[in-house]
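Input: a single structure, listed below in structure tokens.
The values are calculated or read from the model by the stated rules, or taken from the named source; none is laboratory data. Just so we're clear, the structure is a prediction, and the values are computed from it rather than from any experiment. Note: ideal-geometry Cβ built from the backbone for every residue, glycine included; neighbour counts use all protein chains shown. Keep in mind that these areas ignore ligands, DNA and RNA; they rest on the heavy atoms of the full protein, side chains included. Shrake-Rupley method; radii C 1.70, N 1.55, O 1.52, S 1.80 Å.
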Amino acid sequence: MTGGEVSTHPHTPAEAWATLMAGNARFVDSNSSHPNQDAARRTSLVATQHPFAVIFGCSDSRLAAEIIFDLGLGDAFVVRTAGHVIDNTVLGSLEYSVDYLNVPLIVVLGHDNCGAVTATQQAVATGAMPGGFIRDLVERITPSVLTSLRKDKDADVSAMITEHVKQTAARLVENSPIIASAVARQRTSVVGLTYRLSDGRADLVYSNGSLGV
């Protein structure tokens, strides 16, 4: 149903999670329906928006959230930084989605072969830091890499990426009273996913809140 509307709008974390995963399954199977992409949908969103998920993901060009979850206009509030690194602007954006848009699901989306995490792993291993503001990215990812190495001194980049997703998701709740309150009231859930570039599948590696699974 190219350009069609989704049948219902998810209002709970469990409904949002189910909708998101159903979309990813369609994408993996090369059966994307491309919902909510027609002129009627575009017109309906002129004055308002009611996204059912906020996706905080890596800026990597291979990680286009609306495509890999088969979403359309108005479905997702998307925030992206290299290595899904948190700063005050990111926290403010996510808090806005929860406090003003009542989004029931926050997704932290990482992926294999992440360049930002790989650069951090190399900096930790060699002691050579990159220049410019790339250094700031590396410094913010370093705690995740070090935690991964403490758990397993032979940890590879894939393990570090998973750890970084987990730590990022946990840090959102720890650092934001607004997000923490929404999770405590079961109005919003926070999940961490790792995306596999080869087959397009997003796997759950962290959750805080009820997903109905």
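Take the range 108-120 and flag every residue that is surrounded by fewer than 23 Cβ atoms within 10 Å (Cβ to Cβ) and out of contact with any strand residue (DSSP E or B) (no Cβ under 8 Å at 6 or more places or on another chain).
N113, G115, T118, A119 - these are the residues of the range 108-120 that are surrounded by fewer than 23 Cβ atoms within 10 Å (Cβ to Cβ) and out of contact with any strand residue (DSSP E or B) (no Cβ under 8 Å at 6 or more places or on another chain).
Would you mind telling me which numbered condition in (1) farther than 18 Å from T194 by Cα; (2) open to solvent by less than 30 Å² (accessible area, probe 1.4 Å); (3) part of a helix (DSSP H, G or I); (4) touching a helix residue (DSSP H, G or I) at 6+ places or on another chain (Cβ under 7 Å) V124 fails?
Looking at each condition in turn, V124 falls short on (2).
Name every residue in the range 33-73 that is charged (D, E, K, R) and open to solvent by less than 10 Å² (accessible area, probe 1.4 Å), in order of residue number.
The answer is D70, and nothing else.
Tell me, please, whether a residue that is out of contact with any Asp or Glu (no Cβ under 9 Å at 6 or more places or on another chain), acidic (D, E) and farther than 30 Å from D136 by Cα can be found in the range 35-44.
no
For the range 74-107: of the residues being open to solvent by less than 40 Å² (accessible area, probe 1.4 Å), assigned to a helix (DSSP H, G or I) and in contact (Cβ under 8 Å) with a residue 60 or more places away in the chain, which is farthest from E174 (Cα to Cα)?
Once the filter is applied, the top-ranked residue is G83.
Among (1) open to solvent by 70 Å² or more (accessible area, probe 1.4 Å); (2) out of contact with any strand residue (DSSP E or B) (no Cβ under 7 Å at 6 or more places or on another chain), which single condition is R171 missing?
With (1) open to solvent by 70 Å² or more (accessible area, probe 1.4 Å); (2) out of contact with any strand residue (DSSP E or B) (no Cβ under 7 Å at 6 or more places or on another chain) applied to R171, the lone miss is (1).
Being open to solvent by 30 Å² or more (accessible area, probe 1.4 Å) and either more than 18 Å from T81 (Cα to Cα) or modelled with pLDDT under 95 (or both) is the filter here, so list the residues in the range 140-156 that pass it.
Within the range 140-156, L146, L149, R150, K151, D152, K153, D154, D156 qualify.
Using the structure shown, decide if L63 is within 22 Å of L211 (Cβ to Cβ), part of a loop (DSSP other than H, G, I, E, B) and touching a strand residue (DSSP E or B) at 6+ places or on another chain (Cβ under 9 Å).
Spelling it out, L63 is indeed within 22 Å of L211 (Cβ to Cβ), part of a loop (DSSP other than H, G, I, E, B) and touching a strand residue (DSSP E or B) at 6+ places or on another chain (Cβ under 9 Å).
Return the residues of the range 137-185 that are among the charged types (D, E, K, R) and touching a residue at least 24 places away in the same chain (Cβ under 8 Å); say none if nothing qualifies. Don't jump to the end; show me each part of the working.
As a first pass, look at the range 137-185 and keep what is among the charged types (D, E, K, R): 139-140, 150-154, 156, 163, 166, 171, 174, 185.
R140, K166, R171 - these are the residues of the range 137-185 that are among the charged types (D, E, K, R) and touching a residue at least 24 places away in the same chain (Cβ under 8 Å).
Anything in the range 184-204 that is surrounded by 21 or more Cβ atoms within 10 Å (Cβ to Cβ) and more than 18 Å from I68 (Cβ to Cβ)? List them, or say none.
Listed by number, the residues that qualify are T188, S189, V190.
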